[in-house]
1. Is there a residue being in contact (Cβ under 8 Å) with a residue 40 or more places away in the chain, in contact with a Leu (Cβ under 6 Å, 6 or more places away or on another chain) and within 22 Å of TYR122 (Cβ to Cβ) anywhere in the stretch 207-220?
2. Could you check how many residues of the stretch 197-211 are open to solvent by 20 Å² or more (accessible area, probe 1.4 Å) and either on the phi > 0 side of the Ramachandran plot or part of a helix (DSSP H, G or I) (or both)?
3. In the set ALA172, ALA135, ALA229, which member is under 30 Å from VAL101 (Cβ atoms), surrounded by 17 or more Cβ atoms within 10 Å (Cβ to Cβ) and at pLDDT 85 or above?
4. Note down all Cβ pairs under 8 Å where the first residue falls in the stretch 151-164 and is at negative phi, the second is open to solvent by less than 10 Å² (accessible area, probe 1.4 Å) and in a loop (DSSP other than H, G, I, E, B), and they're at least six residues apart or on different chains.
5. Filtering the stretch 87-122 down to residues that are among the hydrophobic types (A, V, I, L, M, F, W, C) and part of a loop (DSSP other than H, G, I, E, B), which residue is nearest to HIS145 (Cα to Cα)?
6. Could you please give the count of residues in the stretch 219-260 that are part of a strand (DSSP E or B) and within 18 Å of ASP271 (Cβ to Cβ)?
7. Of the conditions (1) farther than 12 Å from LEU37 by Cβ; (2) crowded, with 18+ Cβ neighbours inside 10 Å, ASP114 clears all except one; give me its number.
Amino acid sequence: VGAELYGHAGAESEVEIIGLMLQTFAALEIENIYLDLGNVDIYRGLAKQAALSREDESLLFDMLQRKAVTEINELLDSLSINDNIKAMLSGLASLHGGQEVFEKARVLLADADDTVIQAVDYLETTAQLLVQRLAEMKMCSIKLHFDLSELHGYHYQTGVVFAAFVKQLGQAIARGGRYDDIGKLFGRARAATGFSTDLKVLSQLSKKEFPGSDQIFAPLDEEQGLKEAIARLRAPGKTVIVQLPGQQGDAAAMGCNKSLCLVDGQWTVKD
């Protein structure tokens, strides 16, 4: 399942969509959330400034994901690029932690192009707004972590990326980020940010008990009154499973606890 917010390019929309994701977890009573945020435009801007080949950019991308500092330095030492840029690329893997990481980034990335500085600024603005939103939602227990070399979705994301974790699983329970110009192929490019998650994973993690709802079985019958009864029941959201021609199994086999029955000329729901 996923959610997208189209048409706004500011950090406020990042915070709005992250807030929606966190409220989803809260509604399911999933606790101890760990939220990781980055911005793929930081590495993208540094790679462009270093004029890396596509192959070298891909190699360095993989090493950064693994935080393989020794391999990163060996690769950079083999390339003919400015020492200042080497230092920035090498140090990128160390730029992770709490909000103090932004101060470290401004020192390390002092010689970076404007696009890189703007990407750091945007991520910091997102962080500040998110902290405010968490306080408003009374979700200050959410653990925030910032990783400036976080590059999931690098080949299609265009800015801030984020992922939510819980200690029970070694993988993200939800991921998202910005992917501007979505819809360009269809003639309408728009700013966009969103997230996706897996309902089966969330249901396994959820502590919430949901009250069971009636499952109503409707027999195979073309009688107009039955069709009207089904429509009336479904209108407010009740579940009605209609028997099909040649179907094997009765109401119980379909998981139903009630049936539509014809009683004194009226279609009535009965246990």
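1. no
2. Final tally of qualifying residues: 6.
3. Working: ALA135 fails: surrounded by 17 or more Cβ atoms within 10 Å (Cβ to Cβ); ALA229 fails: under 30 Å from VAL101 (Cβ atoms).
Going through ALA172, ALA135, ALA229 in turn, the sole match is ALA172.
4. What qualifies is VAL161/LEU151; ALA164/ILE33; ALA164/ILE173.
5. So in the stretch 87-122, the residues among the hydrophobic types (A, V, I, L, M, F, W, C) come out as 87-89, 92-93, 95, 101-102, 105, 107-110, 112, 116-117, 119-120.
Narrowing the set further to residues that are part of a loop (DSSP other than H, G, I, E, B) leaves 95, 109-110, 112.
Details: LEU95: 11, LEU109: 19, ALA110: 22, ALA112: 23 Å.
Of everything passing the filter in the stretch 87-122, LEU95 is nearest to HIS145 (Cα to Cα).
6. Initial filter on the stretch 219-260 (part of a strand (DSSP E or B)): 239-242, 258-260.
Retained after the next criterion (residues that are within 18 Å of ASP271 (Cβ to Cβ)): 239-241, 258-260.
Total satisfying the criteria: 6.
7. Of (1) farther than 12 Å from LEU37 by Cβ; (2) crowded, with 18+ Cβ neighbours inside 10 Å, only one is false for ASP114: (2).
Let's see how each residue does on (1) open to solvent by 50 Å² or more (accessible area, probe 1.4 Å); (2) touching a helix residue (DSSP H, G or I) at 6+ places or on another chain (Cβ under 9 Å):
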{"residue": "GLU222", "(1), (2)": "yes, no"}
{"residue": "GLY225", "(1), (2)": "no, no"}
{"residue": "LEU233", "(1), (2)": "no, no"}
{"residue": "VAL240", "(1), (2)": "no, yes"}
{"residue": "GLN248", "(1), (2)": "yes, no"}
{"residue": "LEU260", "(1), (2)": "no, yes"}
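The values are calculated or read from the model by the stated rules, or taken from the named source; none is laboratory data. Please read all numbers here as calculations on a predicted model, not as lab measurements. No Cβ is skipped: glycine too gets one built from the backbone with ideal geometry, and neighbour counts run over all protein chains shown. Note: areas computed on protein heavy atoms with side chains; ligands, DNA, RNA excluded. Shrake-Rupley method; radii C 1.70, N 1.55, O 1.52, S 1.80 Å.
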